[in-house]
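A short write-up of the structure that comes next.
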Amino acid sequence: MLLSFVACVLVAAAPGDAQGFFGDLEPLAKNGPLVLDVPVLDAPFNFAPGTPFPSMAQAVAISRDVHGTIAWAIDLGFGMLSWWPPYRWMIESVVQVLVSQVFNWVPFGSAWNHEEFHRAVLSHRGISSHDDLWELPFFASAISVSHVTDEALVQLKAEHPADLVRLHAAGMEGDVELTRAVVRADFFNHRSPWPDAPMVLLTRLNVIGYMSTCASYTGDLTTKNLLAEEGTDVSKRDFTGLDCTAWAYDAQRPDEPYTARGPHPSGVGLNRYRTRPDLTKPELGLLSSGSWWSFANLADLAVWDLNFRVPGTEAWRWTGGFAWQMTPFGWALTADLLARGPSFGARLAARPYVSQHLVLPGLEVELVRWPLALGPVWVALTPALGGWLQPANQRWDAREVSPGGFVRLRGDVRYGRFSLFAEVQAKSAGWLGGTVALEPALDGRVGVGVFL
């Protein structure tokens, strides 16, 4: 009932002659268009100390576009070979899976996006780091963000304890944000999700597998082996070891000095990595529950190409899914509801924010490429706003509530198959997926796009 009412209001308010931002263009592939766009500049992040490229938004956009281009090219190639047998889709799916797996080990893939989300948190606090994916560590059991000093981590924990917890959680936050971005792009661009489905599902399964590993003996063994292999060169060490184990540990110990981890087994530096024996019973409980909640990331209608007619309309379709993510204060579960019409779309995201004592609400709404008629120029606006109640100071043990929210506006201008966009976002204190600052922040982005 609510969805029908909202859709009818949007349809009534839309320009009667609007074709949509890409309404006059024909895609090159039968399965729908490939729409690429990437923020060339993200300010003030790209001007910060540390290693300020890419930002979280840039990492997601680059990985989404590179993965999308490869999947689109494979699909386009198979589509041009009319002599393939009827089970062509099975063969193509196998190829897509294999290519996604290989590409996961090189820069600009989903693993690269994961590591760059870690690095963005470090850069936000002026800490330089190195993504070891640039060393092409094919089939390595772990990939490090290295060249981070113990002193930097000690200072980060002392001055910004919530950022340290966010640092641990950021990699899998990036995995989920990447897959949400791919799913949204396919739906709103009227593109079949099947070419992208292998990468989306593999990335989400990696999150589930990672969480399960952290909560098992396998994770302890992996950490023990990493410690045994490490020498005395601190610069080559990963900043945290297994992400989710460190998240469960530091989320519940915001006031414990980082030095309490004790010395590294080599005798040089601190022992950064945590295993299950280092965790208290409540910390183990958080880790175990997180490993089960991560399965919610598979509950997504859009990735399976399931969408339905919005009641009361003729041309509007809707779909939705869930996304679970670790946060500095605990975790958040997002319910995404997407709707699209002939000329624009809409997104609604509702979520609970869960900590030790609190379960708090949050809501986001967004119009996607609302068309404006400006003569021969194609223009679209994408406004979004959201509000939340989150645990005070981003603490797991908080009993007080901190209200907050954000507002964002993006404008796109298109000429032929190419476009330019600008975006500005203002937010209060609080966690917002894909935005690095936990404090109040004002961000701006400009970028370029192409329609194929």
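The values are calculated or read from the model by the stated rules, or taken from the named source; none is laboratory data. Values in this document were obtained by computation on a predicted structure and should not be read as measured data. Positions of Cβ are generated from backbone atoms using ideal geometry, with glycine treated the same way; all protein chains shown enter the neighbour counts. These area figures cover heavy atoms from the full protein model, side chains too; ligands, DNA and RNA do not enter into them. Shrake-Rupley method; radii C 1.70, N 1.55, O 1.52, S 1.80 Å.
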Tell me which residues come under 5 Å, amide H to amide H, from residue 242 once H is placed; ignore anything under 5 positions away on its chain.
274
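What does the net charge come to around residue 431 if you take all other residues with beta carbon closer than 14 Å to its beta carbon, with K and R at +1 and D and E at -1? Working shown, then result.
On the way: positive: 166, 351, 395, 427; negative: 163, 173, 177, 364, 439.
Computed value for this residue: -1.
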Average silhouette area of the chain, convex hull of alpha-carbon atoms, in square nanometres:
21.8 nm²
Straight-distance crosslink candidates among lysines, where the alpha carbon sits under 29 Å from residue 427 and sequence neighbours closer than 8 are dropped:
157
May I ask for the angle, rounded to the nearest 10°, between helix 110-124 and the longest principal axis of the chain, with both axes built from Cα atoms and the value confined to 0 to 90°?
60 degrees
Residues with amide H under 5 Å of residue 430's amide H, sequence separation 5 or more or different chain, H placed in the peptide plane at 1.01 Å from N; which?
439
HN-Hα J couplings of the range 336-348 from phi, Karplus 6.51/-1.76/1.60, θ = phi - 60°, integer Hz, Gly and Pro as x?
8, 10, 10, 9, 9, x, x, 10, 7, x, 8, 9, 10
How about residue 224: which aspartates and glutamates have a C-alpha closer than 13 Å to its C-alpha, ignoring those fewer than 8 places off in the same chain?
278
Where does the chain land at 222 nm, in deg cm²/dmol rounded to the nearest 500, when only DSSP H runs of n ≥ 4 count, each adding -39500 (n - 2.57), divided by all residues?
-11500 deg cm²/dmol
Output the 0 to 90 degree angle, nearest 10, between the alpha-carbon long axis of helix 150-159 and the longest principal axis computed from the alpha carbons of the chain.
70 degrees
Which angle between 0 and 90 degrees, to the nearest 10, do you get for helix 56-80 versus the longest principal axis of the chain when only C-alpha atoms count?
50 degrees
Regarding the range 282-394, what are the three Cα extents along the principal axes, ordered largest first, in Å?
60, 32, 24
Low-density loop cleavage sites - chymotrypsin sites (Phe, Trp or Tyr not before Pro) in the range 90-141, where at most 10 other Cβ are within 10 Å (DSSP):
138, 139
Based on DSSP loop calls and a cut-off of at most 12 other Cβ atoms within 10 Å, the longest stretch of the chain free of exposed trypsin sites (Lys or Arg not before Pro) is what?
31-398
With every protein chain in place, the range 271-310: carbon and sulfur % of accessible area (1.4 Å)
66 percent
Relative contact order (percent, whole number), the range 33-108, Cα cutoff 8 Å, 6+ residue spacing:
29 percent
Here, GluC sites (Glu not before Pro) of the range 332-407 satisfying both criteria (DSSP loop; at most 11 other Cβ within 10 Å) are 400
In the range 192-297, the chymotrypsin sites (Phe, Trp or Tyr not before Pro) that fall in loop regions by DSSP, at most 15 other Cβ within 10 Å:
none
Label-point separation in nm, residue 381 to residue 94, each point 7 Å along Cα→Cβ:
5.2 nm
How much length would be gained if the chain were fully extended between residue 69 and residue 106, taking 0.36 nm per residue of separation minus their Cα-Cα distance, in nm to one decimal?
11.8 nm
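Counting Lys and Arg as +1 and Asp and Glu as -1, what is the net charge of the other residues whose Cβ lies under 15 Å from the Cβ of residue 283?
Details: positive: 253, 261, 274, 276, 281, 395; negative: 220, 243, 250, 255, 256, 278, 397.
My count for the surroundings of residue 283 gives -1.
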Pairs of Cα atoms under 8 Å, at least six residues apart: use those to get the relative contact order of the range 237-328, whole percent.
24 percent
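If you wrap a convex hull around the alpha carbons of the range 84-190, what volume per residue comes out, as a whole number of Å³? List each step's numbers first, then the result.
Details: hull volume 13.6 nm³, N = 107.
With only Cα atoms used, the range 84-190 gives 127 Å³ per residue.
In the range 354-431, what is the volume of the convex hull around the alpha carbon atoms, normalised per residue and reported in Å³?
On the way: hull volume 7.1 nm³, N = 78.
Given the Cα convex hull of the range 354-431, per-residue volume reads 92 Å³.
Mean separation of Cα pairs under 8 Å and 6+ residues apart, divided by the residue count of the chain: what relative contact order is that in percent?
Reported relative contact order: 17 percent.
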